[in-house]
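One structure below.
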Amino acid sequence: GKKNKGKEPLLQKLLEPPLRAAWILEDAVQGRYFEEKYYPNDLRARTHYLGAREQEKIYDRAVILLFCLAFFEVPLWCDTTDSFTFLSPHDRCQVEVESGKKAIVYMSGLPHIPPGYSLIMELMVCLVLYCKLSAESKLQNTWFNQYDINYINKYFNFAGKVALWGTLLDIVLFSVDRHHWRVAPFLRVLLMLCMPKLNQLLCALVNMVGEWLSVASFWMGTVVFFAWISVTIFEDDKQRNGEGTLINEGFQTFGDGLYTMFVASSTDDFVDKFNATFTYNRAYGLLWLVCLFLSNFLFLNLILAMVFETYSKKFSKTMKEIFANRERSIQQVYQILDDWSPDDPGVTEDTFKKLTQAYSESAMAPTLQPQDVQYIFLHLDKDRTGSLDEEGFKGVAQALQFSFWIAEKKNPLEQNHPEWYTDDRVLGKCRALVWDLDDSGSTSRLDSFMNGVLLLNAVVVVLESAQDLAHETKYDQIFTAIEFMFGWAYVVEFFIILSAMSWEEYISSKAHWFDFFTTWLLFAVSCAYYLPFADVQGELMKYANMLRLLRLIRVVKSLKRLPKVAFMFNCVVTLLASARDIILFLCVIVYFYSALGCIFFGGSLYQGAETLEGTEYEETKLFALNFNDMMSACALWFVNLLCEYNAPIADGAHASLPEWKKKCMACFSNVLFHCCYSGLRARCCFHYRNLCGIDWRSALVR
């Protein structure tokens, strides 16, 4: 009796087939596949799943908020004792030099949130993140552990919880004792890696480590070998070259030699590293030639080729698995819906509406209106039988990934005064300008005419700017009148377009939004000249001219009909879209090293520091590139990343660190940045090859 009594509540909460099918369909859109028997047939499981999806949507935003918070936190080397008082960065972050003077410390200029408020904000964000991880754990433990199915990634879920508990402990310790170090910035990196976009990439990179090490070991062996040879030759040689530099500079010990060879073999700074020995004796150039050929040319390019080849294989394999999982999941969804209505073969429109309604309940799915669902069904039902067969149902996963909106086609003039709208004398000609194509067949007659107006406007702006640069005012009134006429031309264009389409249809295009704001802003600025605000008008006109040139973006649309321009445009869009995750991963690495740099070098790189005397950093006046706050640190790493290695910056940073710290930090940062660069290049080459249909070696050369 107790056994049956315990089952009654479950039977009352069984999932309807459309809800069960919607769950499987959501996994199909993500390229996931589980057998139908593993999906719990309980309404509470569906509720837990929807809650987890809602929390997942919030999770990404919360992590980004936590990431942004780091740029406004008070650096740990500054005065953090005053928890709730807003002070300027220069008042809170000061360095005293001799005789009580304050040193000039360059900051990024971003305002700092007092430590008390930032800790409260950090705690609140951590609670939001913990709710997401707890919701996922509850879903997994309650409904999927019994089948030994990993519906969520347990490892990243556990790592996220560890990071949150560590952050909570760090908040407590920092609240009690305002020390000059924290582990929370590094735990945030772990939370970022738990984002779905990054944990998939991280898993792919981890799988590539073995193959990467197989080639990297040869490169590292070459570095160690030539470091040993160099130290053996130059260690005890105290001679100086013609410029007075010790020829064994950078080779006094094996550690120095290893660091010198590492920098020379992985960056473009080999000239400075080998210049002293080469100046002393040109014969040493043969030694460095062999070293650079093997390490800097051969093995580094082999690493890039290996990363590309491995990535191509794994990406192709992953995409095949995603599409295979999607196809199998779609088959399951179709079978569930077909069995649910045995009297009607296939999936009827009513069944499809219930499926999409349940699918739209998920926070990660686009919201579908009834008219949107009807449009999708008609698009899939190509034979117009009123039901979808298995072949027609296969396209549902692709169709449901898009957002739809309905725009009213008729404008108020056509609805209220159709006799005016159908008059061919005025409005008919306006409609012809908007809808009829020009001789090229790709642009409307109005757009073609306005492109000419825009080019003419650009010429006027250039002439006006030339007059301003020459500090002349002779033709100011003429240029003002011309700009006023151009402003009216754009306003007339706006009303001509609205006479041929509705406002809803007009604002459905983002290009029209841009045109709308620039048109009325420029028109207002042009009219401001005739108002009693001459000073304000002159300042506005300077920036309005820059904004007016942005309207020339519209001209680029007409260039897209050229095959080569269209090809390059598609390449840029595809490469940017495909490289989003690895660019985000690169940003995470920059953030990690920026946080590390703020702890190691915070408050030590400033004008007048004793440790910087005689360094290239001081001689080149690079004090604005420092680790005094997160934004400045990110700017420094960005410059170093583009240059691969910047000797003056490294010289200044190294002067503030013990020997072992500077070498470890330089080596590890170089390795990680090279790995990310290789992955980014590999992904770009892979997609470029697919776009061009050419061999991958040609893609690498290009």
**Message:** With the condition being closer than 24 Å to Gly160 by Cβ and touching a Lys or Arg at 6+ places or on another chain (Cβ under 8 Å), I'd like the helices (runs of 4 or more DSSP H) fully within the range 38-147 carrying at least 3 qualifying residues.
**Reply:** 43-69, 115-143
**Request:** Kindly provide the set of residues from the range 635-652 that are closer than 19 Å to Pro75 by Cβ and buried (at least 20 other Cβ atoms within 10 Å of the Cβ), ordered by number.
**Result:** Leu636, Trp637, Ile649, Gly652
**Asked** Just checking, which of Tyr106, Tyr130, Tyr117 is open to solvent by 10 Å² or more (accessible area, probe 1.4 Å) and in contact with a Leu (Cβ under 8 Å, 6 or more places away or on another chain)?
**Response** Tyr130
**Prompt:** What pairs come up if the first residue lies in the range 252-270 and is over 23 Å from Gln239 (Cβ atoms), the second is open to solvent by less than 10 Å² (accessible area, probe 1.4 Å), and their beta carbons are under 6 Å apart, counting only those six or more places apart or on different chains?
**Reply:** Phe262/Val223; Ser265/Val223; Ser265/Ser295; Asp269/Val263
**Asked** On the given criteria, is Phe218 surrounded by 17 or more Cβ atoms within 10 Å (Cβ to Cβ) and either of a type in the set (Phe, Trp, Tyr) or in contact with a Leu (Cβ under 6 Å, 6 or more places away or on another chain) (or both)?
**Response** no
**Request:** May I ask you to verify whether Gly166 is free of Cβ contacts under 8 Å to residues at least 40 places away in the same chain and open to solvent by 20 Å² or more (accessible area, probe 1.4 Å)?
**Result:** yes
**Complete:** When every residue in the range 175-192 that is in a helix (DSSP H, G or I) and open to solvent by less than 30 Å² (accessible area, probe 1.4 Å) is compared, the one nearest to Arg580 (Cα to Cα) is Met192
**Message:** Looking at the range 46-100 only, could you name the residues that are open to solvent by 60 Å² or more (accessible area, probe 1.4 Å), within 30 Å of Ala358 (Cβ to Cβ) and of a type in the set (Asp, Glu)?
**Reply:** Glu54
**Asked** For residues in the range 385-409 being modelled with pLDDT of 75 or more and part of a loop (DSSP other than H, G, I, E, B), which is nearest to Val373 (Cα to Cα)?
**Response** Leu400
**Complete:** Of the residues in the range 344-370 that are in contact with a Lys or Arg (Cβ under 8 Å, 6 or more places away or on another chain) and part of a loop (DSSP other than H, G, I, E, B), the one that is most open to solvent (accessible area, probe 1.4 Å) is Met364
**Request:** Taking the options Arg384, Arg326, Arg425, name whichever one is open to solvent by 20 Å² or more (accessible area, probe 1.4 Å), charged (D, E, K, R) and under 22 Å from Lys37 (Cβ atoms).
**Result:** Arg326
**Fill in**
When Ser230 is run through (1) open to solvent by 30 Å² or more (accessible area, probe 1.4 Å); (2) under 27 Å from Glu616 (Cα atoms); (3) in contact with a helix residue (DSSP H, G or I) (Cβ under 6 Å, 6 or more places away or on another chain), the failure sits at (1)
**Output for the range 609-625, where each listed residue is part of a loop (DSSP other than H, G, I, E, B), open to solvent by 50 Å² or more (accessible area, probe 1.4 Å) and out of contact with any Ser or Thr (no Cβ under 8 Å at 6 or more places or on another chain)** = Glu613, Gly614, Thr620, Lys621
**Subset of the range 233-263 [open to solvent by less than 30 Å² (accessible area, probe 1.4 Å), farther than 26 Å from Leu300 by Cβ and either modelled with pLDDT of 80 or more or touching a Gly at 6+ places or on another chain (Cβ under 8 Å) (or both)]** = Ile247, Asn248
**Prompt:** How many residues are under 18 Å from Val461 (Cβ atoms) and either over 38 Å from the mean Cα position of the chain (by Cα) or not in a helix (DSSP H, G or I) (or both) if we restrict to the range 487-522?
**Reply:** 2
**Fill in**
(1) open to solvent by less than 40 Å² (accessible area, probe 1.4 Å); (2) out of contact with any Asp or Glu (no Cβ under 7 Å at 6 or more places or on another chain); (3) of a type in the set (Val, Ile, Thr) all hold for Val271 apart from (1)
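The values are calculated or read from the model by the stated rules, or taken from the named source; none is laboratory data. This is a predicted model, so every value here is computed, not measured. Backbone-built Cβ (ideal geometry, glycine too); neighbour counts: all protein chains shown. The protein model used for the area step is the full one, side chains on, heavy atoms only, and it has no ligands, DNA or RNA in it. Shrake-Rupley method; radii C 1.70, N 1.55, O 1.52, S 1.80 Å.
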